[in-house]
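Chemist: Dropping the structure in here first, questions after.
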Amino acid sequence: MTRLAVARKASREAYKTLFGARAGAMRAMSAEAAPNPDTVPVTVNGQEVHVPKGVTVLYACEQAGVDVPRFCYHHKLSIAGNCRMCLVEVEKSPKPVASCAMPVMPGMNIKTTTDLVKKAREGVMEFLLINHPLDCPICDQGGECELQDQSYIFGSDRSRFTEYKRAVEDKELGPLVKTVMTRCIHCTRCVRFSTEIAGVQDMGITGRGNQAEVGTYISKLLASELSGNVIDLCPVGALTSKPFAFTARSWELEGTPSIDVTDGLGSNIRVDTRGNEVMRIVPRANEEVNEEWISDKARFSYDALKRQRLDRPMVRGSDGKLQETSWEFALDYVAEKLKATEPDAIRAVAGKLCDAESMISLKDMMNKLGASHTTPEGMANVSADVRSSYLFNSNLVGVEDADYVLLIGTNPRTEAPVLNVRLRRAVIAGGATVTSVGPNADLSYPSTHLGDTTATLEEITSGKHAVCEAIKAANNPMVIVGSELLRRADSKILLKKIHAMCDELGVVKGDWNGFNVLHDAGGTVGALDIGFVPGTSASNDVPAKLVYSLGAEEFDAPAGAFIVYQGHHGAQGASKADVILPGAAYTEKTGTYVNTEGRAQVAVASMGPVGQAKEDWRILRALSEFAGVPLPYNTHEQVHRRLAEVAPHFAKLNEVEATLWMNGATYAHEKARKADASIPFKSSVENFFMTDVISKTSATMAKCTEARNEMNA
Amino acid sequence: MPRARALARALARAVDATARVALDGASMRATCARTMTKPNDARAVATARTRARAYSVGQMVHRDVPEDNSTMTWTFEASVRPKVDAILRRYPSNYKRSAMIPLLDLAQQQNKGHLTLAMMNHIADVLEVAPIRVYEVATFYSMFNRQKMGKLHVMVCGTTPCMLRGSREIEKALEEWMGVKKFETTACGTFTLGEMECMGCCVNAPMIAVADYRNGVEGYSYNYYEDLTPQTAVKVCEALKAGKSPRVGSQIRDKAEPIKGLTTLTGDPSGPFSRDLDQIKADVDAAAAAAAAAAAAEKK
């Protein structure tokens, strides 16, 4: 291995050590923990620090709390060493060294404040600015531009360059990423991201010297579900957000920490608002969940928050048309219906994007009314008795430890693109094998498609398939079950077999639980965690007369049933409703969401609901009052306390509680039957850009769908 | 520059070229006079105008045109395939991409001097890499051409030693003789005049290199012609055009010896000389033989 490769590997190891998931104990390994045989002492600006062997000089500087300017270096990407901004002085070295690529040596004396370093950085900055346009006032990166910030420190106040600046043609990368390539400083972060992280090798540097350009050479849009991340990675304004273009300046925005609900990962996001308007959504770093990435759907579907909103209560009049009404009338009307309907004929359905607070309020109210037929949208058949049966038990970070992954009825690339990054890493860096029973899709890394029928799965679960030996031989085998499988009528039959296989083939062993369910929406796990499933007394014998849809779009409602729709977008669900109670979207309410691994996280409201809409649990609290069954909580804290009462892990936010594996007891009562062989396995996500009511309303997502279809045509 | 003016200028140049019909006996239609760049492409024209300062030729992005677009396919000729295999055999299977530059070169020879998108895609297929990795290499190196070339690519060395010895005049003479500007192709498609950086022939400066694409991969040659004057440079090109094989290498001396004969090391060396190893070996052998004989005599 070359010295650079060693440094890269060591840097990554060190990074894992410090920020990795199981880092709690290791985190103690800091400057004080010396003398450790695996660390080396170095001096940074006179301060001695001990860093792991083989890490880079830049890493050592960071450990010492010394900031080193950089453009091309990014801790999630391979080291390029081409921007030269991170030059530091190392004693006895004849020239300044690029700290991002230089491994530390014991006793190195690193200086970052000397005249030599200052001169070197000023020189690099002067070269970078030679061809960089002076268009900061009209550049969307302005205010959060690394080049702008660093030129304040190292830039000269005048230019010595008297020739023309070069101009580079803009590239067309699709409806999400806007390019102004003249601004590009060739750090190659976007090239490395698309190659290493997203796994779509479309971008590169063409040409050389003054003619070098970052681009795709042929006209090609960035066919990745993660393309928006290059916007964050770009240190200058070469790649910016197309939907956000010219809509706001970064300093006008107020950021609120929130949680993404468009897939089951619960990616940490920051919602940037100006007044009562979401201007953009960017990721927050959370090493254990989304690292630093979010999917394009999470980032760009926000424009739908201003379209087709339900902003006032409505009631279907005698003419069959929905008419505006007052909250008082609407609530009273619904309450009367609730009281008048026999409890067994009431159905409550919770949508995919619901927060746990609203669902517990609905469930509590239903139970108080004597009704117990509550179901999460599309998951009527799922048992919520044992958490380990519906969670991603290996945890998201555990994916990187896996050495064998069997996908069942799922395409992680579209269902959870950010998880797919980890799977890709497990394959490319960890050498894991991925096989799939289900959709035959390009996952952006090598995988083997075994088939898409239940017969193939049954061959595996009965131990007859050739892959069984490989699963048995693996140290950390992993099974990922897609959420579409849970929606099948025969899901329990299949899950019983899969559970038995997990025990048989050692997918669950010791402290490794490789059975995983990948959910595709933000609200599903929360619903299952609070037991938003049909109670023991619930039966389908009495036909539904009243259906209460809490943001659910698809639900069974017999003709003549009274339908209440409480939600934020006027779509499929609302069109069927007799009464519409306008609720809040996920950016407009403080709510708790549980991700697919069972991690409860709170999204803080970044703005108020639109028009007369209200936070969902408040609507239900008011409705319960009207219905004569008042709920015993009046503040968000109290609802949250109620959640923790029902499911204790709600009290431990941002943590994953270990689940108990029942060794096959989960489906013991289920009779062994043959699954429905006529239905092949498929992914729950057919069009990545449009999966829920928000993304289906989004114009940006529609453009993406069109572009993708055009590309595939 | 407005497009109309650009077009007018390109046409003027074409007419100019037509006026020098003497160059090539072939009939020269104005349409044939299209230079390497497409005049209807504003950017291409701009590139052509600044080309005198650019070493690598052409644009760094691909645009679909009828003769080179993403729907086309291309493969190596059957006769070239053994060469492809031989190149691939040089590298371990997990470092297949090391064969990229030799394969691009081979493909360029097969395709009369230039690479198309389909060719780069095919090589990406062969090497099992993403196409962009091939595009990156093909655009980086100035010896890979991505636009149609003349059958003979004449590259004038423009680096300091050659320049001091008169490469500018050679360039001018060739421009005049061919009737084109640097980086352009003659109307008949026989010559492309180019410039190259130092080709390591400074001792015989000034020099030109000529890549001959007339005879496919088998007959491909890449020859240096050294110690030129404007007149001899034109002569070399005339001979090439006539299908003759002008003398390769220096035009006025054997190799790189001084032109006016040896000025140093003219007599026998005066010593000191190194030991004569053969003599030493003979002495040692003789001594050993004598000792053996003496030992044998003693035994008797």
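A short reminder: the numbers here are calculations on the coordinates, not readings from a lab. These numbers come from a predicted model, not from an experiment. All Cβ positions, even for glycine, are placed from backbone atoms using ideal geometry, and neighbour counts span all protein chains on display.
Chemist: Short version: ³J(HN,Hα) in whole Hz for each residue of the stretch A:310-322, in order, from phi by Karplus 6.51 cos²θ - 1.76 cosθ + 1.60 (θ = phi - 60°), x for Gly and Pro, what are they?
Modeler: Karplus values, whole Hz, x for Gly and Pro: 8, 10, 8, x, 9, 10, 6, x, 5, 7, x, 9, 6.
Chemist: Follow-up question, since we're still on this one. Let me confirm one metric for peptide B:122-133, namely the mean number of other chain beta-carbon atoms within 10 Å of its residues' beta-carbons.
Modeler: Averaged over the peptide's residues, the number is 3.
Chemist: First check a/c for the stretch A:200-272, with a ≥ b ≥ c the square roots of the eigenvalues of its C-alpha gyration tensor; if it is under 1.5, answer rounded, and if not, answer prolate when a/b is larger than b/c or oblate otherwise.
Modeler: Oblate, since a/c reaches 1.5 and b/c is not below a/b.
Chemist: Oh, and also: Suppose each label sits 7 Å from its Cα in the direction of the beta carbon; what would the residue A:327-residue B:169 distance come out to in nanometres?
Modeler: That separation, rounded to one decimal, is 9.5 nm.
Chemist: Give the long-range amide H neighbours of residue A:258: residues separated by 5 or more places, or on another chain, with amide H under 5 Å away, using H modelled in the peptide plane at 1.01 Å from N.
Modeler: Close amide H contacts, sequence-distant or interchain: A:269, A:270, A:271, A:604.
Chemist: Output wanted: per-residue J couplings in Hz (rounded whole) for the stretch A:470-483, from phi through Karplus 6.51 cos²θ - 1.76 cosθ + 1.60, θ = phi - 60°, x for Gly and Pro.
Modeler: 5, 5, 5, 6, 6, 6, 10, x, 9, 10, 10, 9, x, 5
Chemist: Which residues' amide hydrogens lie under 5 Å from the amide hydrogen of residue A:280, considering only partners 5 or more residues apart or on another chain, with H built in the peptide plane?
Modeler: It is A:272, by chain and number.
Chemist: If packing is taken as the mean number of other Cβ atoms within 10 Å per residue, what is the order of A:383-390, A:692-699, highest first?
Modeler: A:692-699, A:383-390
Chemist: What FRET efficiency would be calculated for the residue pair residue B:294, residue B:274, taking the C-beta separation as r and a Förster radius of 35 Å, to the nearest 0.05?
Modeler: That pair, residue B:294 with residue B:274, gives E of 0.65.
Chemist: Another question, if that's okay. Taking every pair of alpha-carbon atoms in the stretch A:558-713, give the share separated by more than 26 Å as a whole percent.
Modeler: Cα-Cα pairs in the stretch A:558-713 separated by more than 26 Å: 53 percent.
Chemist: Dividing the Cα radius of gyration by the Kirkwood radius, what Rg/Rh value follows for the stretch B:60-147?
Modeler: The Rg/Rh ratio comes out at 0.94.
Chemist: What is the projected area of the convex hull of the Cα atoms of the stretch B:144-300, averaged over all directions, in nm²?
Modeler: 17.4
Chemist: Taking the Cα centroid of the stretch A:140-199 and of the stretch A:410-445, what is the distance between the two, rounded to the nearest whole Å?
Modeler: Going from one Cα centre to the other spans 31 Å.
Chemist: Cα gyration tensor of the stretch A:42-130, axes a ≥ b ≥ c as square roots of the eigenvalues: rounded (a/c below 1.5), prolate (a/b > b/c) or oblate?
Modeler: oblate
Chemist: Continuing with this model, one more query. Over all residues in A:196-207, what is the mean tally of Cβ atoms on other chains that come within 10 Å of each residue's Cβ?
Modeler: Counting Cβ atoms of other protein chains within 10 Å of each residue's Cβ and averaging gives 4.
Chemist: Say each of residue A:136 and residue A:114 gets a label point 7 Å from the Cα, pointing the same way as Cα to Cβ; how far apart are those two points in nm?
Modeler: Here the answer is 3.0 nm between the modelled labels.
Chemist: Please work out how much length the chain gains when fully extended from residue A:251 to residue A:678, using 0.36 nm per residue of separation minus the C-alpha to C-alpha distance, in nm with one decimal.
Modeler: 148.1 nm
Chemist: Give me, ordered by chain and number, the residues 5 or more places off residue B:196 or on other chains with an amide H under 5 Å from its own placed amide H.
Modeler: Placed amide hydrogens put B:156, B:157, B:158 under 5 Å from residue B:196.
Chemist: Are there trypsin sites (Lys or Arg not before Pro) in the stretch A:457-549 that DSSP puts in a loop and that have at most 13 other Cβ atoms within 10 Å, and which ones?
Modeler: Answer by residue number: A:464.
Chemist: Please report how far the C-alpha centroid of the stretch A:328-368 lies from that of the stretch A:39-74, rounded to the nearest whole angstrom.
Modeler: 58
Chemist: What base-10 log of the normalised intensity I(q)/I(0) is obtained for the stretch A:177-306 from the Debye formula, alpha carbons as equal point scatterers, at q = 0.12, 0.17, 0.22 Å⁻¹?
Modeler: -0.48, -0.93, -1.38
Chemist: Something else: Could you work out how much longer the chain between residue A:542 and residue A:163 gets when fully extended? Use 0.36 nm per residue separation minus the Cα distance between them, nm to one decimal.
Modeler: Using 0.36 nm per residue and subtracting the Cα-Cα distance, I get 128.1 nm.
Chemist: Per q in 0.06, 0.11 Å⁻¹, report the Debye log10 I(q)/I(0) for chain A, using one uniform scatterer on each alpha carbon and no solvent.
Modeler: Log10 of I(q)/I(0), two decimals: -0.39, -1.20.
Chemist: How far apart, in nm, are the 7 Å Cα→Cβ label points at residue A:92 and residue B:198?
Modeler: Once both label points are built, they end up 3.4 nm from each other.
Chemist: How much of the pair distance distribution for the stretch B:143-223 lies past 22 Å, counting alpha-carbon pairs only, in percent?
Modeler: Percentage above 22 Å: 24.
Chemist: Also: Of A:359, A:125, A:701, how do they rank once you tally other Cβ atoms within 10 Å and put the fewest first?
Modeler: With the fewest neighbours first, A:359, A:125, A:701 line up as A:125, A:701, A:359.
Chemist: Relative to the longest principal axis of the C-alpha atoms of chain A, give the angle of the C-alpha long axis of helix A:636-646, reported between 0 and 90° and rounded to the nearest 10°.
Modeler: Roughly 70 degrees between the two axes.
Chemist: Right, next: All other residues with a Cβ under 12 Å from the Cβ of residue A:280 taken together, and with Lys, Arg as +1 and Asp, Glu as -1, what is their net charge?
Modeler: -3
Chemist: By how many degrees, 0 to 90 and rounded to 10, does the Cα axis of helix A:327-340 deviate from the longest principal axis of chain A?
Modeler: With rounding to tens, the tilt is 50 degrees.
Chemist: Give B:260/B:281; A:118/A:220; A:472/A:671; A:497/A:652; A:464/A:682; A:95/B:96 a once-over and call out the pairs whose C-alpha atoms are over 31 Å from each other.
Modeler: B:260/B:281; A:118/A:220; A:497/A:652; A:95/B:96
Chemist: For A:555, B:273, A:689, A:161, which order do you get if you count the other beta carbons within 10 Å of each Cβ and list the fewest first?
Modeler: Result, fewest neighbours first: B:273, A:161, A:555, A:689.
Chemist: In whole Hz and in residue order, list the ³J(HN,Hα) couplings for the stretch A:435-443 that follow from phi through the Karplus curve 6.51 cos²θ - 1.76 cosθ + 1.60, θ = phi - 60°; x for Gly and Pro.
Modeler: 10, 9, 10, x, x, 8, 10, 7, 8
Chemist: Rounded, prolate or oblate for the stretch B:210-300? Axes are the square roots of the Cα gyration tensor eigenvalues, ordered a ≥ b ≥ c, and the cut-off for rounded is a/c under 1.5.
Modeler: Note, shape of the stretch B:210-300 comes out oblate.
Chemist: Taking the Cβ of each residue in A:539, A:549, A:447 as the centre, tally the other Cβ atoms inside 10 Å and list the residues starting with the fewest.
Modeler: A:539, A:447, A:549
Chemist: Just counting partner chain Cβ atoms within 10 Å, what average do the residues of peptide A:308-321 show around their Cβ?
Modeler: Across the residues of A:308-321, the mean count of other-chain Cβ atoms within 10 Å is 0.
Chemist: Just report the Cα centroid separation between the stretch B:262-294 and the stretch A:232-285, whole Å.
Modeler: Using only Cα atoms, the two centres lie 85 Å from each other.
Chemist: Could you tell me the calculated FRET efficiency between residue A:428 and residue A:475, based on Cβ-Cβ distance and R0 = 22 angstrom, to the nearest 0.05?
Modeler: In this case the efficiency is close to 0.75.
Chemist: Still on this structure, please answer the following. Using only Cα atoms, tell me the angle between helix A:491-504 and the longest principal axis of chain A; keep it within 0 to 90° and round to the nearest 10.
Modeler: 50
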